[in-house]
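Participant: Encoded as structure tokens, here's the structure I'll be asking about.
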Amino acid sequence: MLCRPPNHWIDAPRPRSFAALMEVYEANYMRLRKLYPQPYDVGQSAVSRVGGGLDLHLKIFARSSYTSTIHLTYYLKDHQGVIKPDPDLRLRIYHDARQAEVLNYSTCGIARLACNRWHRAHTTADLLVHKWAVNRFLYKWLSYVARQGHAFPEKAIANALEYS
């Protein structure tokens, strides 16, 4: 008689594998849809404010039937008092595939470790590890902002703000 392990052991993708990365993309999509369930138009922006937390800023850069490109960040003062976005994340949302990924991010503050990995990425395997790191960061950060109570309901839509 052969003993078979439970199916979840067989089906679970190996961490840092391509399959696992796709699962992180799916989880990020679900978290983003909870954060802002309404489809915003290009150029629109919103700010989510919660008591005792930092303001979370959202801006829509592009939107089509199948994809959206957004900017999601806090604005923090650096050691010189200059206000900068951190983490400075530009995200691509694939509506048809129900996935979301980090397109790019700043090199300051909390994204620095992931950026250092990117500059050392020379092979496909290195790129996979890099994408895993930055998208795993997004996964954890989206969980954190959700626990704080951040959301972008329809009434939070504001006119486009110019920030880059």
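Participant: Pairs needed: first member in the stretch 57-70, without any contact (Cβ under 8 Å) to a residue 24 or more places away in the chain; second member anywhere, among the small types (Gly, Ala, Ser) and part of a strand (DSSP E or B); C-beta distance under 7 Å; at least 6 residues apart or different chains.
Facilitator: Hits for this filter: Ile60/Ser68; Ala62/Ser68.
Participant: Of the residues that make up the stretch 22-44, is at least one over 16 Å from Leu142 (Cα atoms), at pLDDT 90 or above, surrounded by 13 or more Cβ atoms within 10 Å (Cβ to Cβ) and not acidic (Asp, Glu)? Reasoning before the result, please.
Facilitator: Narrowing the stretch 22-44 to residues over 16 Å from Leu142 (Cα atoms): 22, 38-44.
Then keep just the ones that are at pLDDT 90 or above; that gives 22.
If we keep only those that are surrounded by 13 or more Cβ atoms within 10 Å (Cβ to Cβ) too, we end up with 22.
This time we only want the ones that are not acidic (Asp, Glu), so: 22.
There is at least one residue in the stretch 22-44 that is over 16 Å from Leu142 (Cα atoms), at pLDDT 90 or above, surrounded by 13 or more Cβ atoms within 10 Å (Cβ to Cβ) and not acidic (Asp, Glu).
Participant: To continue, here is another question. Step by step: first the residues of the stretch 14-36, then only those that are among the hydroxyl-bearing types (Ser, Thr, Tyr) and in a helix (DSSP H, G or I), then the one that is nearest to His95 (Cα to Cα). Which residue is that? Talk me through it step by step, then tell me what you get.
Facilitator: First pass over the stretch 14-36, keeping only residues among the hydroxyl-bearing types (Ser, Thr, Tyr): 17, 25, 29, 36.
Okay, now just the ones that are also in a helix (DSSP H, G or I), so 25, 29.
Values: Tyr25: 12, Tyr29: 8 Å.
So, considering only residues that are among the hydroxyl-bearing types (Ser, Thr, Tyr) and in a helix (DSSP H, G or I), the one nearest to His95 (Cα to Cα) is Tyr29.
Participant: Could you tell me which numbered condition Thr69 fails, if it satisfies all but one of (1) in contact with a helix residue (DSSP H, G or I) (Cβ under 9 Å, 6 or more places away or on another chain); (2) under 13 Å from Ala100 (Cα atoms)?
Facilitator: (1)
Participant: Let me ask you something else. Where residues in the stretch 116-164 are in a helix (DSSP H, G or I) and of a type in the set (Asp, Glu), which of them is modelled with the highest pLDDT? Break it down into steps so the answer makes sense when it comes.
Facilitator: Taking the stretch 116-164 and keeping what is in a helix (DSSP H, G or I), we get 116-120, 124-148, 154-156.
Among the residues that remain, those that are also of a type in the set (Asp, Glu) are: 126, 154.
Values: Asp126: 78, Glu154: 67.
Step by step, filter the stretch 116-164, then rank; the result is Asp126.
Participant: Which pairs do you get when a residue that is in contact (Cβ under 8 Å) with a residue 60 or more places away in the chain, found in the stretch 122-136, comes within reach of a residue that is of a type in the set (Asp, Glu), reach meaning Cβ atoms under 7 angstrom, with the pair 6+ apart or on two chains?
Facilitator: Qualifying pairs under 7 Å: Asn135/Glu101.
Participant: Right, here's the next one. Across the stretch 56-114, which residue is modelled with the highest pLDDT among those that are of a type in the set (Val, Ile, Thr) and part of a loop (DSSP other than H, G, I, E, B)?
Facilitator: Looking only at the stretch 56-114, we keep the residues that are of a type in the set (Val, Ile, Thr), and these are 60, 67, 69-70, 73, 82-83, 93, 102, 107, 110.
From the residues that got through so far, the ones that are part of a loop (DSSP other than H, G, I, E, B) too are 82, 107.
Details: Val82: 90, Thr107: 58.
Among them, the one singled out is Val82.
Participant: A further question follows. Scanning the stretch 1-21 for residues that are at pLDDT 60 or above and among the small types (Gly, Ala, Ser), which turns out nearest to Val145 (Cα to Cα)? Outline the logic, then answer.
Facilitator: As a first pass, look at the stretch 1-21 and keep what is at pLDDT 60 or above: 14-21.
Filter once more, keeping what is among the small types (Gly, Ala, Ser): 17, 19-20.
Values: Ser17: 26, Ala19: 26, Ala20: 23 Å.
Only one residue tops the list, namely Ala20.
Participant: What residue, among those in the stretch 49-78 that are of a type in the set (A, V, I, L, M) and under 20 Å from Pro39 (Cβ atoms), is nearest to the chain's Cα centre (by Cα)? Working first, answer last.
Facilitator: Let us first name the residues in the stretch 49-78 that are of a type in the set (A, V, I, L, M), namely 50, 54, 56, 58, 60, 62, 70, 72, 76.
Narrowing further to those that are under 20 Å from Pro39 (Cβ atoms): 56, 58, 60, 62, 70, 72.
Values: Leu56: 13, Leu58: 11, Ile60: 13, Ala62: 16, Ile70: 9, Leu72: 8 Å.
The residue in question is Leu72.
The values are calculated or read from the model by the stated rules, or taken from the named source; none is laboratory data. This structure is a prediction, so every number in the text was calculated from the model and none was measured. Every residue, glycine among them, receives a Cβ derived from its backbone with ideal geometry; neighbour counts consider all protein chains shown.
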